[in-house]
Amino acid sequence: DDLRPACELAAEAGIEVEAMAFLGTSPIRLYTEGWTEDELERCTRRAMRLAREGGMKATFVTEDTIRSHPRVLRRLFTAAIEEGATTLVLCDTVGHATPDGVHALFSWTHELLHELDAVGTVTLDWHGHDDRGLGVANSLAAIEGGVDRVHGTILGIGERVGNASLDQILVNLRLAGVSDRDLSHLDTLVHDVADACEIDIDPRYPVFGRDAFRTGTGVHAAAVIKARRKHDEWLADRVYSSVPARWVGRQQEITISFMSGASNVRWWLEQHGLEVTGPRVHAILARAKAAQRTLTDEEILAAIHEANAAK
């Protein structure tokens, strides 16, 4: 019932549409639904056949692949390929996998494709969720395992705790030297998606959170400042960061907090075109120590006003 209208739309549009037909295959799902393996095979064959007859690209998705029995996967993958499937999607629907498990699954699936003489004609996808916080790590493991395509969403938006974060995957691929893709507009994309979906980005969210490239710690800030005084932005971007902020359209920020030193304050004053004086530095640091958090610009200016008034 889902595939028929898709076939009609594909024919009307005159383009090949990819039909991702999914079927729960884990023992826990079969038991809950009261399904049999014979029923699963019949559904698989009918769906893949209908998709191909309708002129669509047939993609077979086994929901909860990572918790499915190899016997069932072998039977269904074989049936799908025999009926014309050209892509198999391996899924970690409930975020159960570890990177080792992902490697094992892809190794097993590649062996099966060799047995079926389907290498080069059938591609593999990976679709992972983040329930254990391993969504990105598992996606990278899938890439190492030879996957052809990885699924993800910006900010990992999705059911429960979400999918693998596509933005983090892209950054990690660039860091690993696997991709040289231009990421300079990725920060804008991430925040546009957050706005459109009415989602607040955690300030500590990797790379794209507000605090990702902000440092208020004295030692860290001093190193970044020294690099900048050398007029070496490459160095400043890396001396206390594993991800170069400029890659994603951002920059290192020096803030003032209870962990800051005088160098933080002097830098902030210089960057705001304000005179650096001992009383101002002392007043700002005193307020930062009392606040036990990062000061806002308004609080810093108030401390400067107090220092000026005390003259």
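The values are calculated or read from the model by the stated rules, or taken from the named source; none is laboratory data. No experiment lies behind these values; they were computed from the predicted model shown. Note: ideal-geometry Cβ built from the backbone for every residue, glycine included; neighbour counts use all protein chains shown. Heavy atoms of the whole protein, side chains included, go into the accessibility calculation; ligands, DNA and RNA do not. Shrake-Rupley method; radii C 1.70, N 1.55, O 1.52, S 1.80 Å.
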For Asp131, indicate whether it is open to solvent by less than 30 Å² (accessible area, probe 1.4 Å) and acidic (Asp, Glu).
no
When you look at Thr78, is it of a type in the set (Ser, Thr, Tyr) and closer than 26 Å to Ile169 by Cα, yes or no?
no
Looking at this structure, is Ala236 surrounded by 19 or more Cβ atoms within 10 Å (Cβ to Cβ), closer than 29 Å to Val136 by Cα and hydrophobic (A, V, I, L, M, F, W, C)?
yes
Given (1) in contact (Cβ under 8 Å) with a residue 60 or more places away in the chain; (2) at positive phi, index of the condition Val89 fails:
(2)
Of everything in the stretch 135-156 that's open to solvent by 50 Å² or more (accessible area, probe 1.4 Å) and out of contact with any His (no Cβ under 9 Å at 6 or more places or on another chain), which residue is farthest from Val171 (Cα to Cα)?
Asp148
Does Leu285 satisfy being open to solvent by less than 40 Å² (accessible area, probe 1.4 Å) and out of contact with any Leu (no Cβ under 7 Å at 6 or more places or on another chain)?
yes
Please work out if Leu40 is at pLDDT 95 or above and either of a type in the set (Ser, Thr, Tyr) or surrounded by 16 or more Cβ atoms within 10 Å (Cβ to Cβ) (or both).
yes
Looking at the stretch 261-293 only, could you name the residues that are closer than 22 Å to Arg228 by Cα and in a loop (DSSP other than H, G, I, E, B)?
Gly261, His272, Gly273, Leu274, Glu275, Val276, Thr277
I need the full set of residues from the stretch 257-311 which are in contact with a Phe, Trp or Tyr (Cβ under 6 Å, 6 or more places away or on another chain) and not charged (D, E, K, R), in order please.
Ala288, Gln292
Run down Ile169, Ile225 and say which single residue is surrounded by 14 or more Cβ atoms within 10 Å (Cβ to Cβ) and either over 20 Å from His129 (Cα atoms) or without any contact (Cβ under 8 Å) to a residue 24 or more places away in the chain (or both).
Ile225
When the residues of the stretch 6-27 are filtered to those that are in a helix (DSSP H, G or I) and small (Gly, Ala, Ser), which remaining residue is least open to solvent (accessible area, probe 1.4 Å)?
Ala10
For the stretch 103-139 the number of residues that are more than 17 Å from Gly156 (Cβ to Cβ) and either among the hydrophobic types (A, V, I, L, M, F, W, C) or in a helix (DSSP H, G or I) (or both) is 18
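Per-residue answers, yes or no, for (1) under 27 Å from Asp38 (Cβ atoms); (2) surrounded by fewer than 19 Cβ atoms within 10 Å (Cβ to Cβ); (3) in contact with a strand residue (DSSP E or B) (Cβ under 8 Å, 6 or more places away or on another chain); (4) of a type in the set (Lys, Arg):
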| position | (1), (2), (3), (4) |
| --- | --- |
| Arg52 | yes, yes, yes, yes |
| His69 | yes, yes, no, no |
| Arg74 | yes, yes, no, yes |
| Phe77 | yes, no, yes, no |
| Ala97 | no, no, yes, no |
| Asp100 | no, yes, no, no |
| Leu124 | yes, no, yes, no |
